[in-house]
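Just so it is clear, none of the values below were taken in a lab; they were calculated from the coordinates. This is a predicted model, so every value here is computed, not measured. As a convention, Cβ positions derive from the backbone with ideal geometry for all residues, glycine included, and neighbour counts pool all protein chains shown.
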Amino acid sequence: MGKPKIAYYLAGGCGGCDISLVDLSEFLIDVVTAVDIVFFAPTLLDVKYKDFEALPDGSIEVGFWSGNVRNKEHEHMAKTMRRKCKTLIAYGICASLGGIKGLVNLYTNQELLEKAYRDTFSTDNPTGELPSPKVTVDGKYELELPELTEVRTLGQVVEVDYLIGGCPPHYEQVKKALIALLEGKLPPPGSWITMGHAVCEICKRNPVLKGKSKEITTEVKRIIEGELEEERCLLEAGYLCLGPVTQGDCGASCLKVNIPCRGCGGPIPEVSDFGLRAINMIASVLENEELVDKIEDPLHLFYRYSLPGSMLGGRIKK
Ligand code: SF4
Ligand code: SF4
Ligand code: SF4
């Protein structure tokens, strides 16, 4: 039997997930010698879609999908990846829950185009041109832009076997997932591939890990306000940290640099709606209802990475 074939596709993402593979460092050499990478677009290999589409269905062992589904081309590629790959993994929080770029679902595509191409202070577009879906270059080349859709998670378009959180996934977690893949020791289909602990459980600021109990939160502050105490739980101190409900595969990275967790790791097990669980958690630690009014921009706080994949669903009309 030959090496397992692997495919990787970057859709509505920023490329940071691709870079997270480079973070594997020397382990990357073990990976690339153990697998046969047949498709890695658009960043690494110049493989044309038609060549990928010509591969037999089910001929690829594992497909990694990074980024969300933002247009008709992504949708077509999601369906193609699903047909070609025996196992399909939503890689990173954009693919699994929509990611930070999923917040565009707060607006219509027309509003977004108007803002980007006409309304920003730095825009220089005297005729108010918007991108045209079809254009002819030099009078002979027909170019077509894929139609924008609302942002969807990969799982809202095709069936997904596994999800990996993180923006981007942490290299230790990626290493663990790749070893599990190569050894055929994956969890049951439909699972998140995760170390299984919340950010709080590995946070050096957690009083419970020092044998103390957590205090109630008596004020709400922005990160630029007040003085941070070296050892104190940020949530206790009034900084709305989502560590209690977030998968801690990153090793509590943000807390190491005194930034509250914003939830990019995805939800802890058994949670289907990250934002709802985060609201529930914050409500349970605040001392009184008045503090709720002090939460600036709750939608961006609670649904920063998960709006498209949440029960709020896709687009929210203003
Ligand atoms: S999950 Fe983060 S790093 Fe990965 S594509 Fe999305 S925005 Fe980029
Ligand atoms: S709430 Fe945040 S700061 Fe507090 S222990 Fe959990 S992760 Fe650490
Ligand atoms: S601490 Fe939270 S926001 Fe920061 S990298 Fe980890 S999961 Fe993401």
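Just a few scattered comments:
- Relative contact order (percent, whole number), the chain, Cα cutoff 8 Å, 6+ residue spacing: 19
- Start at zero, step by 5 Å, and the Cα-Cα distances of the stretch 132-193 spread as 4, 13, 15, 15, 11, 9, 8, 8, 9, 6, 2, 0 percent across the bins.
- Translational diffusion of the chain was estimated from the Stokes-Einstein equation, with Rh taken as the Kirkwood radius over Cα pairs; at 4 °C and 1.567 mPa s the coefficient is 61 µm²/s.
- Principal semi-axes in Å for the stretch 110-233 [√(5λ), Cα gyration tensor, largest first]: 44, 29, 13
- Using Cβ point charges alone (K and R +1, D and E -1), the dipole size of the stretch 246-318 about the Cα centre works out to roughly 420 debye.
- Residues of type lysines that Lys48 reaches as a straight line, Cα spacing below 23 Å, ignoring anything fewer than 8 places off in the same chain: Lys3, Lys5, Lys72, Lys79, Lys84, Lys86, Lys134, Lys140
- Net charge of Cβ neighbours under 15 Å - reference Ser59; Lys, Arg +1; Asp, Glu -1: +1
- Centre-to-centre, using Cα atoms only, the stretch 1-70 and the stretch 203-241 are separated by 41 Å.
- Kirkwood Rh in Å, taken over all unlike Cα pairs in the stretch 199-302: 13.8
- 16 Å Cα-Cα reach of Lys221 towards aspartates and glutamates, excluding residues that sit fewer than 8 places from it in its own chain: Glu229, Glu236, Glu287, Glu289, Glu290, Asp293, Glu296, Asp297
- Bridgeable aspartates and glutamates around Lys175 (alpha carbons under 16 Å apart, same-chain partners fewer than 8 residues away excluded): Asp18, Asp23, Glu26, Asp30, Glu183, Asp249.
- Sum of -39500 (n - 2.57) over DSSP H runs of 4+, divided by residues of the chain (222 nm, nearest 500): -6500 deg cm²/dmol
- Furthest towards positive pole of dipole, Asn105, Pro56, Gly275, structure part the chain, Cβ charges: Pro56
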